[in-house]
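In what follows, a structure is listed as structure tokens, so that the remarks can point back to it.
Read-outs: derived from the displayed coordinates by stated rules, not from any lab. Nothing here was measured: the structure is a model prediction, and the numbers come from that model. Methodologically, a virtual Cβ is constructed for each residue, glycine included, from the backbone with ideal geometry; neighbour enumeration extends over all protein chains shown.
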Amino acid sequence: MSIDKETETKIIRYHFVEQWRVGTIATQLGIHHSVVDRVLSQAGLPKVERSPRASIIDPYLPFIVATLKQFPTLTAARLYEMAKQRGYPGGPSQFRQRISQLRPRRQPEAYLRLKTLPGEQGQVDWGHFGHLQIGRAKRPLMAFVMVLSWSRQIFLRFYLNAQMENFLRGHVAAFEAWQGLPKVLLYDNLKSAVLERRGDAIRFHPTLLALSAHYRFEPRPVAVARGNEKGRVERAIRTIRDNFFAGRQWRTLEELNAQAEAWCQGVSAERRCPENNALTVEEAFLQEQPQLLALPDNPFDTAEQKVVSARKTPYIRFDRNDYSIPHQQVQKPLTVQASLSTVCILDGDERIAEHPRSFDQGRQIELEDHINALWLEKTNARLHRGQDRLSQASASIPDFLQQSVDRGHVLKTTVRLLNEFLDHYGREELHAAVTEALEQQSPYPQAVQQILERRREEKQQPPPVAVAVPDKVRAINVKTADIAAYDNLYASTDSEEVERDTGDESDLEEETNAAEETNLENESGRGEDND
């Protein structure tokens, strides 16, 4: 607790002039007695040692001290439960306060300030900056950060995950932005760099080793839980959070990365270089850049590759979305090669489809040609099934269809009509009609229909009823009607007849005359039809 000079003066005057005791001074001034002891000791008086009072925790102190010596990080809550099992009657608050005084303190560690040569070392790490909502997908917003240890030049690029492909893309983009790279790159023990580590034995990720062989740099992981060994990139990420990302407005990832690039070349490059305060970061980088390793002729391939397969539908699933393929490629293993902008689908070495990449979720990205080709094949399949059915009904069908097509008739319409005739008239009638139409050199459906109708009339059969019968007839439950309604109908009819019988004779005579006139008209009409 800090106090002002006036309070310190009052403490000294009350003690030396008024001869007040420490407790009285603390009570009157409203401060803790330890503050009074501190002020008096600074004034030259020895600290007053007070005899500690007996406490209920005293019998348990040897057990607590021995346990803390063996397990220094054991929590006060667990120690309290152990002491309570041994009979400790006190509450947890006093126990916790005493444990904080007894717990051994770790000796603070001193660190050397690391010095590097220009072009010698760079440091790499990821920073998490929340999430980005793209349509229905919620994706993590990750910042790839690389720092040159001597000039403190920062490279910053945001990606939608921290997977290996984006880890590689960040390296390649940083090297191209600097037109060179340092001889050594430091990493912490992230999975993209170190797969396994036991002491000094390290198993690097094979893809990272391929990247380092391509650009000829040395990957070097820092010790476990020793973030201070790559403190330059840790501080750079903190600077990015405070000086770049905080309060920034942006709409798309591309816009955010454009702002990040401008910040690295502008505000970040204009700060003073910690290695030499006489230089800015930009000026120091211009001195360091000639010391960097030269870039190879071709950049490292950072495309994502994944083996996929389509099932029954002409789509493959990649990164939460479906992409269309030609329908001939279903049920086959395929390969996806994806960049940040395109998704290419390969069958071996042959590229069968290419789509713009989507970072949404649950979308179908398709080419119209793929879907149209499948639709046409399904339509042709239905046409072929109709032709097969007709060919089984009559051996004359192939010749009939061929002659019909040669005369310019639409095959699809002809097949549809002939199948309808087959449903209405049966196989034998259709075969006879088609054969006769061919003999008459009239290969079109209307001629077949006329022949079928003539044959029906010759046999004095009723016209066919067009009833569509499905292949699988479902069982239909018919609800039983109540016939009492019919009884009521008959009763009302009888009453109407009784009323009609009791009517006037004139009405009956008029009805009789009207009926006779109607019969005469009907007879004359039938006579005309017969003529």
Open item on the list: Could you work out the relative contact order of the range 304-366? I mean the mean sequence separation of Cα pairs under 8 Å and 6+ apart, divided by the number of residues, in percent.
Closed with: 33 percent
Open item on the list: For the range 1-50, what does the relative contact order come out to in percent, with C-alpha contacts under 8 Å and a separation of six or more?
Closed with: 30 percent
- [ ] Enumerate the amide H contacts of residue 121 below 5 Å, restricted to partners 5 or more residues apart or on another chain; note that Pro and chain-start residues carry no placed amide H.
- [x] 149, 150, 183, 184
TODO: Give, in nm to one decimal, the length gained when the segment between residue 42 and residue 350 is fully stretched (0.36 nm per residue of separation minus the Cα-Cα distance).
DONE: 102.3 nm
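Which peptide among 88-94, 337-343, 433-439 comes first, and what is the full order, when sorted by highest mean count of other Cβ atoms within 10 Å? Before the final figure, lay out the partial values.
Numbers: 88-94: 12.4, 337-343: 14.9, 433-439: 19.9.
Taking the mean over residues of other Cβ atoms within 10 Å, the ranking is 433-439, 337-343, 88-94.
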Open item on the list: Given R₀ = 56 Å, what would the calculated FRET efficiency be for residue 255 paired with residue 75, taking r from the Cβ atoms and rounding to 0.05?
Closed with: 0.75
TODO: Give the long-range amide H neighbours of residue 194: residues separated by 5 or more places, or on another chain, with amide H under 5 Å away, using H modelled in the peptide plane at 1.01 Å from N.
DONE: 205
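Given an 8 Å cut-off on Cα distances and at least 6 residues of separation, report the relative contact order of the range 56-104 as a percent.
The normalised contact order for the range 56-104 reaches 53 percent.
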TODO: Indicate the gyration tensor shape class of the range 121-291 (rounded, prolate or oblate), computed on the Cα atoms with a ≥ b ≥ c the square roots of the eigenvalues: a/c under 1.5 is rounded; otherwise a/b larger than b/c is prolate and the rest oblate.
DONE: oblate
Open item on the list: If a paramagnetic tag sat 7 Å from the Cα of residue 272 along the Cα-Cβ line, which residues of the range 149-179 would have the backbone N under 19 Å from that point?
Closed with: 150-154
Task: Using θ = phi - 60° and Karplus 6.51 cos²θ - 1.76 cosθ + 1.60, couplings along the range 254-270 (whole Hz; Gly, Pro as x) - done: 4, 5, 4, 5, 5, 5, 5, 5, 5, 5, 5, 7, x, 4, 5, 6, 8
Task: Antiparallel DSSP beta bridges within the range 121-291, as percent of all bridges there, nearest 5 - done: 75 percent
Task: Under-5 Å amide H pairs with residue 353, H placed in peptide plane, nonlocal only - done: 345
Task: Positive-end residue, the range 310-452 charge dipole about Cα centroid, Cβ charges, pick of 404, 434, 339 - done: 339
Open item on the list: Could you give the length gained by full extension between residue 372 and residue 399, i.e. 0.36 nm per residue of separation minus their alpha carbon distance, to one decimal place?
Closed with: 6.6 nm
Open item on the list: Explain nothing, just compute: Karplus ³J(HN,Hα) = 6.51 cos²θ - 1.76 cosθ + 1.60, θ = phi - 60°, for every residue of the range 333-343 in order, whole Hz, x for Gly and Pro.
Closed with: x, 10, 10, 9, 10, 10, 10, 6, 10, 10, 10
Task: trypsin sites (Lys or Arg not before Pro) within the range 63-170, DSSP loop, no more than 10 other Cβ atoms inside 10 Å - done: 86, 105, 106, 113, 115, 136
- [ ] Compute the separation of the alpha-carbon centres of the range 18-43 and the range 337-371 and state it in Å as a whole number.
- [x] 79 Å
Open item on the list: Using each residue's phi in the range 125-142, evaluate 6.51 cos²θ - 1.76 cosθ + 1.60 at θ = phi - 60° and report the 3J(HN,Hα) Karplus result to the nearest Hz, with x for Gly and Pro.
Closed with: 6, 9, x, 8, 10, x, 10, 10, 8, 10, x, 9, 9, 10, 10, x, 9, 10
- [ ] Quick one: check the C-alpha center-to-center distance for the range 285-321 versus the range 79-94, whole angstrom.
- [x] 59 Å
Open item on the list: To the nearest 20 Debye, how big is the dipole of the range 1-50 about its Cα centre, given +1 on the beta carbon of each Lys and Arg and -1 on that of each Asp and Glu?
Closed with: 80 debye
Open item on the list: So the label point goes 7 Å from the Cα of residue 360 along Cα→C-beta, right? Which residues of the range 281-319 then have their backbone N under 20 Å from it?
Closed with: 314-319
TODO: Note down the magnitude of the dipole of the range 121-291 about its Cα centre, charges +1 on Lys and Arg C-beta and -1 on Asp and Glu C-beta and zero elsewhere, to the nearest 20 debye.
DONE: 600 debye
